Amino acid sequence: MLTSHANLAKFYPESWDYRLKRLFLGKPLVSEQLSGERLNRPIALGVLAPDCISSSAYGTEEILTQMTPFIGLAAFALVVPIMFVIIGVLFFVTTSYLDVIKYYTTAGGSYVVARDNFGPKVAQIAAVALLIDYTVTVAVQCSAGTAALTTAFPALTTSFPLIKNATLLLTVVVVLILIFGNLRGIREAGTYFAIPTYFYVLMLSITIVIGYYKKAVGTLHMIPPPATKLLVDGRLGHSGSGVLMGLAFITLLRAYANGGSSLTGLEAISNGVGSFRRPESHNARSTLVVMSSVLAFLLIGTTLLAHWTHALPYQLGSPTVVGQEVSDVFGAHGFGHVIFFVVQIATVLILYTGGNTSFNGFPFLANYVAGDRYLPRQLTKRGHRLAFSNGILVLGVVSLVLIIAFNASVNALIALYAVGVFTGFTLAGAGMVARHLREKNAHWRRGVFINALSACVTSIVVLVFLLAKFTEGAWIIVVVGPIMYYGLIRFHKTYVREEKAFEANSGKAASMHIRMNRVIVFVDNYDLPTERALLYCNSLNAYSVRAVHFDVDNLVTKRLEASWGRPNTASASISLEIVECEDRRVDRAALELVADAVRDPDVFCMVILPRRGFVSRLQRLLHDRTADNIASAVMHVPRTAATIIPYNALRRSVPEGMRRRQLEGAALEEPPGDEVTRGGVRVDAHLAADLKLAERSADAEPIGDVVERDFVELAGRVRSMAIGNESGVHELRCVLSDNSGSITLVFQGRTNVPGIERGTRLMVKGTVTSLRREAVILNPQYEIVAAPQGDH
């Protein structure tokens, strides 16, 4: 019985690029490993909040960068009221997203809310905004993390004498590490990713509390201003008169817009509702409140410390404002300096972790959008380690371009920031307003008021950001955003047009009547690939078989004619037709010949193309790919199909003593046999369900060793299922597989068996028989050992 697996290594060993991928990325993960444990509230806060909470490390500084060059130290009088306005916006957005999470308990991002309430076209505005936001988040968070790193270790900026901007190099290296790590399958749903969040919150909270205490007792001192050339724009302004102290209103708006970047990442909880433990909505809402409260506390704390210490922002972004505050609170010597390093390390970790969250959010959002057919379908495919590899690579490449283009400057990148996320806030709020007005459930008026207020406030922030930061880089968003939106709509129209074309022609294809089949085999030389192709042609029940050779080289043609028709060869029963090809365009000549063969609408033409496989890459260079070119050409002819008959020679193993003979022309290849080598061993997944099956099936025999008519006890995993109706009776066919082989289980008269599905681990007993030359067990006794991992 042929129940054992084929030994694929004999005729198709793993390619060198796959082996290289496995070396760098590790062994592939099975799809069943996608399921994971749900998160409790403390872990969920640590996992989902880094992007949001880490913005407290640079929010205050970004406000100051816009004011200190114009009004100098007077900026510290305005930074506090600006931050309180931003905290007010935080309150409105949080209340809106509490409402979103209440109704969208699986995925409540602004894309899904907009799609549900405004339709897919409006939702693409949210898609564009969030895709841009995720990309800029990687650039900003990693650049800010590097700034915090060089604040703790200034020597890093001078450690590379041949490189002008070491900060840029460090940031690029960090992003490359994140790309590599995520391609290996870094999962956010893990305790390790919560550690940097709590570490950062703890250390910065201690700094703020001690700073409050030192201010109360009068021991918190102002930081002496550095040399003016080191500050933002190389200058420190002077205060004027009036409420704004001489600050231009447009500059105030820029400061407010920069500070608004502190709220990015607030939507992470609503995007990850499905990862919470039940009840998902309640736990997610509670976590959102805690996250917003922590963010508000850290933003107000760092802003007040900046107000009291006069920590000025530097042109290079290092030392950071928060780093100066920590140094001022704990001191620059002794134990205080150790605490300074600890806080900076915590800041670096959460900023890099915040950048990594986009490598989870962007690919998943791209998967949603591609699933709606607004992005290429390649973005829905999972890679070697179950990550959306294409989305990760796109995000990584674009973020690297931004980092390099803006020289890893947080102040420069911030102009691109927040527009996307605040656009998402606006659409989420507006979508919830539409939902409440449409459904009018309990407390719907309150829902309309809260979400309408949030949508208005966040839309004003978007307008302010675009106007105030237009010349500093926001114009890029104004230009790129509509282009991306047009691209998404164009992708969708293309997919819809293809679908309609197939639907319109499906009836025509079903009514096609074929009365005659013709076979044309194109040959070049008479060799083993040609012989095998002719043998296949002789096995077809065709009206006519034509062997065609295009006369491109007279010598080759004469050799072929001399070899054709020899006794005991496949060519003996097939006539050879020589066709002139004056312009030597073989693919075009083949296209014309096949098109003439199907001039009759009742004729179908099968094109047979022998193709040789190659043992080495050198052989690929020595032979052309004519068969592939002809197949690509004839596929455009109606009522035509092209079949390539491969012939793959095997590399012959030669003893060490024959090396000299090889060089003298000994054959390095041998023709493959027609028998598939058995005895292959497949790799087990070793999941929890597999270990449970192994414990229960100690007495089961390997499937690859079963013999016909034996009563056997087998154990394995259901790999595939199909419902048959060949004899007028329904039957469920399940392929049970272990690492040694596979066998088919046939449940006659049934279309389903409760508990049995793909991935189920089974133990079965029954008599092995042969059905249509296939090993089967009819109506076996079975025991369900484990359901597919992750099923509830």
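All other residues whose Cβ lies under 11 angstrom from that of F522 are scored, Lys and Arg at +1 and Asp and Glu at -1, for a net of -1.
Kirkwood hydrodynamic radius for region 703-792: how many Å is it when counted over pairs of different Cα atoms? Could you put the intermediate results ahead of the total?
On the way: mean 1/r = 0.0758 Å⁻¹.
Kirkwood radius, region 703-792: 13.2 Å.
Distance from the C-alpha centroid of region 410-455 to that of region 217-239: 39 Å, rounded to the whole angstrom. Normalised Debye scattering of region 521-589 at q = 0.21, 0.22 Å⁻¹ gives log10 I(q)/I(0) of -0.88, -0.96, counting only Cα atoms as equal scatterers and leaving out solvent. Relative contact order, percent, of the chain when contacts are C-alpha pairs under 8 Å separated by at least 6 residues? In percent, rounded to a whole number, it is 17. Solvent-accessible area per residue in the chain equals 49 Å², computed with a 1.4 angstrom probe and all protein chains kept.
Based on the mean of other beta carbon atoms within 10 Å per residue, what is the order of 257-264, 45-52, 316-323, 98-105, most packed first?
Working: 257-264: 28.6, 45-52: 27.0, 316-323: 23.5, 98-105: 20.8.
Going from most to least packed, we get 257-264, 45-52, 316-323, 98-105.
Relative to the longest principal axis of the Cα atoms of the chain, the long axis of helix 59-71 makes an angle of roughly 50 degrees.
Binning all Cα-Cα separations of region 459-580 at 10 Å, short to long from zero, yields these whole-percent fractions: 10, 22, 13, 12, 13, 10, 10, 8, 1.
So, by mean Cβ neighbours within 10 angstrom, what's the order for 413-421, 171-179 with the highest one leading? Provide the component values of the computation, followed by the final result.
Working: 413-421: 27.0, 171-179: 19.8.
Packing order, densest peptide first, comes out as 413-421, 171-179.
When the Cα positions of V768, G334, V47 are compared along the charge dipole of the chain, G334 comes out farthest toward the positive end, with charges on each C-beta of Lys, Arg, Asp and Glu.
Calculate, for K500 and F91, the FRET efficiency according to 1/(1 + (r/R0)^6) with r their C-beta to C-beta distance and R0 60 Å; round to the nearest 0.05.
On the way: r = 48 Å, r/R0 = 0.80.
Rounded to the nearest 0.05, the efficiency is 0.80.
Two decimals, Cα atoms only, Kirkwood Rh: what is Rg/Rh over the chain?
Ratio of gyration radius to Kirkwood radius for the chain: 1.08.
Taking the average, over residues, of other Cβ atoms within 10 Å as the packing measure, peptides 16-24, 432-440 rank 432-440, 16-24 from highest down. If you line up the long axis of helix 475-510 against the longest principal axis of the chain, both from Cα atoms, how many degrees apart are they, to the nearest 10? The angle comes out near 30 degrees.
In this simple spin-label approximation, R19 and L463 carry label points 7 Å from Cα along the Cα→Cβ vector, and these lie 6.4 nm apart. Against the chain, whose longest principal axis is taken from its Cα atoms, helix 249-260 shows a tilt of about 60°. Put +1 on the Cβ of each Lys and Arg and -1 on the Cβ of each Asp and Glu in the chain; which of G473, L263, I645 then has its Cα farthest toward the positive end of the dipole? Projecting each Cα onto the dipole axis, the largest value belongs to L263. Pairs with C-alpha atoms separated by more than 25 Å, drawn from the list K381/K692; K692/K765; K469/K493, are K381/K692; K469/K493.
From the square roots a ≥ b ≥ c of the eigenvalues of the alpha-carbon gyration tensor of region 562-612, which class results: rounded (a/c under 1.5), prolate (a/b over b/c), or oblate? Oblate, because a/c is 1.5 or more while a/b does not exceed b/c. In angstrom, the C-alpha Rg and Dmax of region 445-495 are 15.7, 42. Each listed q (0.09 Å⁻¹) maps to a log10 I(q)/I(0) for region 259-395, found by the Debye formula over equal Cα scatterers with no solvent: -0.44.
Quick check: at a probe of 1.4 Å, how many percent of the accessible area of the chain sits on carbon and sulfur atoms?
Numbers: 22980 of 38950 Å².
Using a 1.4 Å probe with all protein chains present, the chain comes out at 59 percent carbon and sulfur.
Return P(r) of region 77-150 (all Cα-Cα pairs; 5 Å bins starting at 0; whole %; ordered from short to long distances). Going from the shortest bin to the longest, the percentages are 3, 13, 12, 14, 21, 17, 10, 6, 2, 0.
Find, to one decimal place in angstroms, the Kirkwood hydrodynamic radius of region 334-426, where the mean of 1/r is taken over every pair of different Cα atoms and then inverted.
15.7 Å
Simple point charges give the picture: +1 on the Cβ of Lys and Arg, -1 on the Cβ of Asp and Glu, and for the chain a dipole about the Cα centre of about 920 debye. Over all other residues within a Cβ to Cβ distance under 13 Å of V343, the charged ones net out to -2, with Lys and Arg as +1 and Asp and Glu as -1. Each of A442 and T219 was given a label point 7 Å from its Cα along the Cα-to-Cβ line. The distance between the two points is 5.5 nm. What whole-number distance in Å separates the alpha-carbon centres of region 49-99 and region 335-387? Between the Cα centres of region 49-99 and region 335-387 lies a distance of 23 Å.
The values are calculated or read from the model by the stated rules, or taken from the named source; none is laboratory data. Just so we're clear, the structure is a prediction, and the values are computed from it rather than from any experiment. Glycine also receives a Cβ, built like all others from the backbone with ideal geometry; neighbour counts cover every protein chain displayed. To get the accessible areas, we keep the full protein, side chains included, count just its heavy atoms, and leave off ligands, DNA and RNA. Shrake-Rupley method; radii C 1.70, N 1.55, O 1.52, S 1.80 Å.
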